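Worksheet: one structure, shown below.
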Amino acid sequence: MMDGIEKLKQDLIILEEMAAASEDYLNSDLLYWPLSSNEMPRMTLGAYLMRQHRLLALRGLLEADEQARLGHAIQQYNQVVADRIVRSEQRAQEELGVRLRQWEQAQRDMRLEGGSVRAYYATAAENRMMIQVLLNMLRTPPYRMEPHVMERAIVLDGSLRSRWRSGDFIWPEAWQAAYPAGEYWWLYGHPA
């Protein structure tokens, strides 16, 4: 099993692949874009932005050459997105709708599972993180977010909070600095 630093370095490799694929991805109609290896997750804006957030917040844990690679990948991605603002917004809105539906279903499943939810909550929380980074993107000009989308996210968070049990950070300890508890409360504990 990889530790947090090894996973972070793997995230960098994935981010580089996603940045290189971002133009083809945005030009396509596929929401989940396959990368060069079946071992890698599929490209989405949320998957890219989640990794970018983590890598930027924790770049001090990377070697100098890895930090340079990170900077290059982000620059490459930003250039592609800057040339496709409308398409990026459309794709982010589409993915956000899908992620919200998935998160709602995951919460339903967790209510039915009861006590065994802890076993897979850390994985399920990745979806919530992708929702967060997409919300952050769409709240930043020149993008626009539909008001009902934010309302839906608030309702889903309220549902989760009503069953929430605060606890330890659920992802690798090395990542904790990237996710302050006040802003990312859903990473500190689990649903009851």
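The values are calculated or read from the model by the stated rules, or taken from the named source; none is laboratory data. Here the structure is a predicted model, which is why all the values come from computation and not from measurement. Note: ideal-geometry Cβ built from the backbone for every residue, glycine included; neighbour counts use all protein chains shown.
Structure values in brief
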item	result
Subset of the stretch 1-30 (residues that are touching a strand residue (DSSP E or B) at 6+ places or on another chain (Cβ under 8 Å) and hydroxyl-bearing (S, T, Y))	S22, Y25
Residue among E113, E104, E126 that is at pLDDT below 95, charged (D, E, K, R), closer than 23 Å to R161 by Cβ and assigned to a helix (DSSP H, G or I)	E113
Members of the stretch 108-149 that are more than 14 Å from G46 (Cβ to Cβ), acidic (D, E) and surrounded by 13 or more Cβ atoms within 10 Å (Cβ to Cβ)	E113
Residue count, the stretch 153-176 (criterion: surrounded by 12 or more Cβ atoms within 10 Å (Cβ to Cβ) and either in a loop (DSSP other than H, G, I, E, B) or in contact (Cβ under 8 Å) with a residue 40 or more places away in the chain (or both))	10
Condition met for R87 (part of a helix (DSSP H, G or I), in contact (Cβ under 8 Å) with a residue 40 or more places away in the chain and of a type in the set (K, R))	yes
Residue satisfying all of: in the stretch 47-91; farther than 15 Å from A20 by Cβ and β-branched (V, I, T); surrounded by the fewest Cβ atoms within 10 Å (Cβ to Cβ) among these	V86
Subset of the stretch 141-152 [under 22 Å from D109 (Cα atoms) and touching a residue at least 40 places away in the same chain (Cβ under 8 Å)]	V149, R152
Sole residue being out of contact with any His (no Cβ under 9 Å at 6 or more places or on another chain) and either at positive phi or hydroxyl-bearing (S, T, Y) (or both), chosen from Y121, Y184	Y184
Exclusive hit being out of contact with any Pro (no Cβ under 8 Å at 6 or more places or on another chain), closer than 21 Å to W175 by Cα, free of Cβ contacts under 8 Å to residues at least 12 places away in the same chain and of a type in the set (D, E, K, R), set E39, E16, E6	E6
Every residue from the stretch 177-192 that is among the small types (G, A, S), exposed (fewer than 15 other Cβ atoms within 10 Å of the Cβ) and within 21 Å of A57 (Cα to Cα)	A177, A181, G182
Matching residues in the stretch 37-51 - criterion: being of a type in the set (A, V, I, L, M) and part of a helix (DSSP H, G or I)	L45, A47, L49, M50
Filter result (crowded, with 16+ Cβ neighbours inside 10 Å and part of a helix (DSSP H, G or I)) within the stretch 14-36	I14, L15, E16, E17, M18, A19, A20, A21, S22, E23, Y25, L26
